[in-house]
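Notes follow the structure.
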Amino acid sequence: MDKNFQEEEFIKFTPPLYKQRYQFIKDLVGKYKPKKVADLGCADCTLLWMLKFCSCIEVLAGLDICASVMREKMHRLSPLPVDYLQPSERSLTVTLHHGSVAHKDPCMLGFDLVTCMELIEHLEESELQKFPEVVFGFMAPSIVVISTPNSEFNRLLPGVTLFRHPDHKFEWNRMQFQNWALKTAGHYGYSVEFTGVGHPPTGMENVGFCTQIGVFVRKYPRISEFSQSEKPTEAVYKTVFKAVYPSLKDEKYLQNAVVSEVIFTSQMIKQNLLDCLMSEHEEYDDDPTERKPKFQPSMNCFSEDLGKLVVGKSTEPFVNGNVVYIPLTTIFSFPKVNQLCGTLEKLRKLIAGKVMLSSDGSAVMFNTEHENE
Ligand code: SAH
């Protein structure tokens, strides 16, 4: 909701300030590669939506005290048809919770990065008091990012008298924010660095960034998810959305992907082989005016029995009667199949029962007679 009211309505930041804030987070994700990211005060989930495209992230969670604002656009966090057609290597779960940053809930444990963009200035005095203990004490992620308006910039924003937004409970200057941040960081064993987005105009540099940002990094590794003395807290948040993305880590999706790839690869090899044999046959055709393809797979030199004997040993695709045999080793040598399965054994296991195999299981079989069925 801030986006509609805020500073970018008056001063033109390019890109708009909220996008610069989100880009700041994306850059940080690119640098630290966190697997689990939570956005507190996620509003309409735009940041979460942007982060779902970061391939390092496996768990995304959003929290907001206002369920209706989260619901507005949360459908954007659902998997798309393409996610099912081409499942990704990574797993991804996106969850939205309804609740307050003033309360602890175990679903917020274990995160690597926690973002709080333009959140703290919306907190009541009593909530702001509890916020550090919940985020730094309880959640204790490796990195916390907090952004908030820099009130020193307000005089450059026409129309802003007291605060930039009617729901803001306070706005801090750089000194106020940095004092609060340093005290909080010191108390919970974090270091903090200050930066921001939204450069002031030339000649006004002394006011600082329009949005001030503190990046907090935990100084010591976490010993365990729960501190020894503390029992896991009871759940208080309500889950309003959950999406589990299809992933190749899930055997069901991996099998689908491998079977499709094997069929595609085998068809290609088979077609190449038949084209090859057909052109070889045409070369011996003594009447050049009659250049009709004369190759019939059944004319191939192998007899049924011979075919059975050689299939296990052959490393090259071959035709026997109406059947084309493509050794699994050939299929496995294709990079995509190789990458998906890792081992020949895994390939055999994943396609068993889904693709027709020779009796010794060493080759994929295609009957050229029933091509069009
Ligand atoms: N982070 C978003 C939205 C900022 S507006 C952005 O950068 O665009 C602040 C958001 O914090 C609102 O959606 C508001 O509903 C939410 N909020 C306010 N108090 C909260 C609280 N105590 N706990 C969780 N969310 C809160």
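The values are calculated or read from the model by the stated rules, or taken from the named source; none is laboratory data. Only a predicted model underlies this, so the values are computations on that prediction, with no experimental measurement involved. Here Cβ is always computed from backbone atoms with ideal geometry, including for glycine, and neighbour counts include all displayed protein chains. All accessible areas refer to the heavy atoms of the entire protein, side chains included, with ligands and DNA or RNA removed. Shrake-Rupley method; radii C 1.70, N 1.55, O 1.52, S 1.80 Å.
Among the residues of segment 177-211, the one identified as modelled with pLDDT under 95 and open to solvent by less than 50 Å² (accessible area, probe 1.4 Å) is Pro200.
Of all the residues in segment 212-232, those that are under 11 Å from Met139 (Cα atoms) and modelled with pLDDT of 60 or more number 1. Phe131: touching a residue at least 60 places away in the same chain (Cβ under 8 Å) and closer than 27 Å to Lys35 by Cα, yes or no? It is false that Phe131 is touching a residue at least 60 places away in the same chain (Cβ under 8 Å) and closer than 27 Å to Lys35 by Cα.
At least 3 residues that are within 29 Å of Gly208 (Cβ to Cβ) and open to solvent by 10 Å² or more (accessible area, probe 1.4 Å) in each: list the helices (runs of 4 or more DSSP H) lying fully within segment 54-152 that qualify. Show your work before the answer.
Numbers: elements: 67-72, 81-85, 125-132.
Qualifying helices (runs of 4 or more DSSP H): 125-132.
Does Arg174 fit the bill of being among the basic types (Lys, Arg) and crowded, with 17+ Cβ neighbours inside 10 Å?
Details: among the basic types (Lys, Arg): yes; crowded, with 17+ Cβ neighbours inside 10 Å: yes.
Answer is yes for this residue.
Under the condition of being open to solvent by 20 Å² or more (accessible area, probe 1.4 Å) and either under 13 Å from Ile143 (Cα atoms) or among the basic types (Lys, Arg) (or both), the residues counted in segment 29-42 number 5. I'd like the residue in segment 38-82 that is among the small types (Gly, Ala, Ser) and within 17 Å of His97 (Cβ to Cβ) and, out of all such residues, is farthest from the ligand (Cβ to nearest atom). The residue in question is Ser78. Any idea which residue in segment 2-37 is farthest from the ligand (Cβ to nearest atom), counting only those that are among the aromatic types (Phe, Trp, Tyr) and at pLDDT below 80? Here the residue is Phe10. Scanning segment 276-286 for residues that are in contact with a strand residue (DSSP E or B) (Cβ under 8 Å, 6 or more places away or on another chain), more than 17 Å from Arg348 (Cβ to Cβ) and modelled with pLDDT of 50 or more turns up at least one hit. Scanning segment 240-261 for residues that are out of contact with any Pro (no Cβ under 7 Å at 6 or more places or on another chain), closer than 20 Å to Leu96 by Cα and surrounded by 14 or more Cβ atoms within 10 Å (Cβ to Cβ) gives Val240, Phe241. So which residues in segment 136-155 are under 24 Å from the mean Cα position of the chain (by Cα) and under 17 Å from Lys36 (Cβ atoms), if there are any at all? Within segment 136-155, Met139, Ala140, Pro141, Ser142, Ile143, Val144, Val145 meet the criteria.
Summed over segment 185-209, residues that are assigned to a strand (DSSP E or B) and in contact with a Ser or Thr (Cβ under 7 Å, 6 or more places away or on another chain) total 2.
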